[in-house]
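Presented below is the structure to which this report refers.
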Amino acid sequence: MITGITGQDGAYLAELLLEKGYIVHGIKRRSSSFNTGRIEHLYRDPHVPDAKFFLHYGDLTDSTNLIRLIQQVQPDEIYNLAAQSHVAVSFETPEYTANADGIGTLRILEAIRILGLEKKTRFYQASTSELYGLVQEVPQSETTPFYPRSPYAAAKLYAYWIVVNYREAYGMHASNGILFNHESPLRGETFVTRKITRAVAAIKLGHQERLFLGNLDARRDWGHAKEYVRGMWLILQQDHPDDYVLATGETTQVRDFVELAFSEVGIRLRWEGEGVDEKGVCKDTGRIYVEVDRRYFRPTEVDLLIGDPAKAKAKLGWVHATRWDALCREMVAADLITVAREHLHDAR
Ligand code: NDP
Ligand code: GDR
């Protein structure tokens, strides 16, 4: 069972589990607009006899719904990927974020307990490098102290510890994957990497003038989502539950990601000015392509993330293959196709 199946990670994980022969049950929210674009290719008529992929309506804020679905499905493994996952948005909707991301995790653990499935159902929690927040040490590992810097991170901190507590209190096979940022062509369009690669494609194809961003100084440890969902699966295949960092061990500034993405479409940038006056200017033509907009700054920022994946390598045999530059190139190439297609549809 996968919560958050319509998101980036849910789509890649569902694909992986189906490849492995699993029967996959996904929980999706009711939406007034289409929200299954990332998993459409996996969906077949559930009435056919060998159907292996099922979708159910549900929500992490509704415990009766979760209890009923878990009772019905009796899952061997639950991957809890559902969350209000945008850090900046969590400052606007802190209570909802706490409810879905924090208490939502508790609701699933309690459902497992109420239904007496503690010894049957293994549980994976989508924990995050945002727990580290204000830098305490680098690189960040499973033993680095947490210091959350947003309502999102504070909610995920609760979820992290309630998972540890239910593991210790009730002997549940419940584990946290402390995943550093992972991206892909399926990444949500308001996260910084995808916002950049989409804008670069739109600018190249003549549909956008400029890209407005927030803090260009932030550093992130960016890996490929497809490789990280394999790590989630490996965590649940271990004899004993535990908590693991998944990361590349390399950190890159937002500014460098912007520069590389533009260079992929032949626009070489130089940077002029400082702070909110900084601009990304084309070296050849002097045209301004990137500007800073205060509205994208967060009240408290996480300046530097760089993970130490040594434990995952030693115990799970998990290693990443894709570096941030290859990831950036893949995302720009994919967005050139996506943006071109969208405008072709518009033109019809
Ligand atoms: P996305 O934002 O792409 O997907 C989130 C999913 O959760 C979507 O399917 C969304 O549904 C669903 N969802 C949101 N709120 C609820 C709710 N109340 N009830 C049920 N479902 C809900 O996130 P990612 O795939 O990138 O991330 C997956 C998980 O991993 C998240 O928990 C995130 O916080 C965490 N994480 C992500 C990292 C990353 O770099 N990607 C790193 C570390 C942790 P809908 O499609 O309808 O919006
Ligand atoms: P993050 O991802 O907050 O790390 O959370 P995001 O891509 O939103 O931000 C990364 C960094 O880029 C800076 N930034 C901008 N961010 C956005 N979204 N938009 C901008 O215009 C912009 N300009 C600069 C941010 O300030 C930040 O420093 C992601 C989510 O997937 C979480 O769910 C997950 O837990 C963490 O990664 C690990």
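Some points to look at:
- In region 42-52 there is at least one residue matching the filter, namely being surrounded by 15 or more Cβ atoms within 10 Å (Cβ to Cβ) and away from ligand 2 (no atom under 16 Å from the Cβ).
- Pairs, first more than 24 Å from L106 (Cα to Cα) in region 127-148, second assigned to a strand (DSSP E or B) and at pLDDT 95 or above, C-beta under 6 Å, six or more apart: V135/L304; P139/G307; Q140/G307; S141/V245
- Test: residue in region 174-181 that is out of contact with any Lys or Arg (no Cβ under 9 Å at 6 or more places or on another chain), β-branched (V, I, T) and within 29 Å of K120 (Cα to Cα): yes
- Lone unmet requirement of (1) loosely packed, with under 14 Cβ neighbours inside 10 Å; (2) closer than 23 Å to Y152 by Cα for A314: (2)
- Members of region 101-146 found to be more than 19 Å from N165 (Cα to Cα) and touching a Phe, Trp or Tyr at 6+ places or on another chain (Cβ under 7 Å), listed by number: S129, E130, Y132, G133, L134, Q136, Q140
- Qualifying residue in region 225-232 (condition: part of a strand (DSSP E or B), within 22 Å of L157 (Cβ to Cβ) and assigned by TED's automatic domain parsing to the domain that holds V87): no
Table: residues versus (1) without any contact (Cβ under 8 Å) to a residue 12 or more places away in the chain; (2) within 26 Å of T6 (Cβ to Cβ); (3) touching a strand residue (DSSP E or B) at 6+ places or on another chain (Cβ under 7 Å); (4) not assigned by TED's automatic domain parsing to the domain that holds P94.
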| site | (1), (2), (3), (4) |
| --- | --- |
| A169 | yes, no, no, no |
| S175 | no, yes, yes, no |
| H182 | no, yes, yes, no |
| R198 | no, yes, no, yes |
| R210 | no, no, yes, yes |
| P241 | no, no, yes, no |
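- Residue that is nearest to R298 (Cα to Cα), among those in region 183-216 that are assigned to a helix (DSSP H, G or I) and within 16 Å of ligand 1 (Cβ to nearest atom): V192
Condition check ((1) more than 16 Å from A83 (Cβ to Cβ); (2) among the aliphatic types (A, V, I, L, M); (3) more than 10 Å from ligand 2 (Cβ to nearest atom); (4) touching a Leu at 6+ places or on another chain (Cβ under 7 Å)) across all residues:
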residue	(1), (2), (3), (4)
I108	no, yes, yes, yes
I112	yes, yes, yes, no
Q125	no, no, yes, no
S129	no, no, no, yes
Q136	yes, no, yes, no
S150	no, no, no, no
S184	yes, no, yes, no
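- Candidate set from region 40-80 (those that are away from ligand 1 (no atom under 16 Å from the Cβ) and hydrophobic (A, V, I, L, M, F, W, C)); member that is nearest to the chain's Cα centre (by Cα): A51
- Each residue in region 218-243 was checked for being aromatic (F, W, Y) and within 12 Å of ligand 1 (Cβ to nearest atom), and 2 of them qualify.
- Every residue from region 226-248 that is of a type in the set (G, A, S) and closer than 13 Å to N181 by Cβ: A247
- Of the residues making up region 284-301, those that are out of contact with any Asp or Glu (no Cβ under 6 Å at 6 or more places or on another chain) and crowded, with 18+ Cβ neighbours inside 10 Å are Y289, V290.
- Out of A11, A98, one residue alone is crowded, with 17+ Cβ neighbours inside 10 Å, in contact (Cβ under 8 Å) with a residue 24 or more places away in the chain, closer than 20 Å to W161 by Cβ and within 16 Å of ligand 2 (Cβ to nearest atom). It is A98.
The values are calculated or read from the model by the stated rules, or taken from the named source; none is laboratory data. Here the structure is a predicted model, which is why all the values come from computation and not from measurement. Don't worry about glycine lacking a Cβ; one is built from the backbone with ideal geometry, like all the others, and counts go over all protein chains shown.
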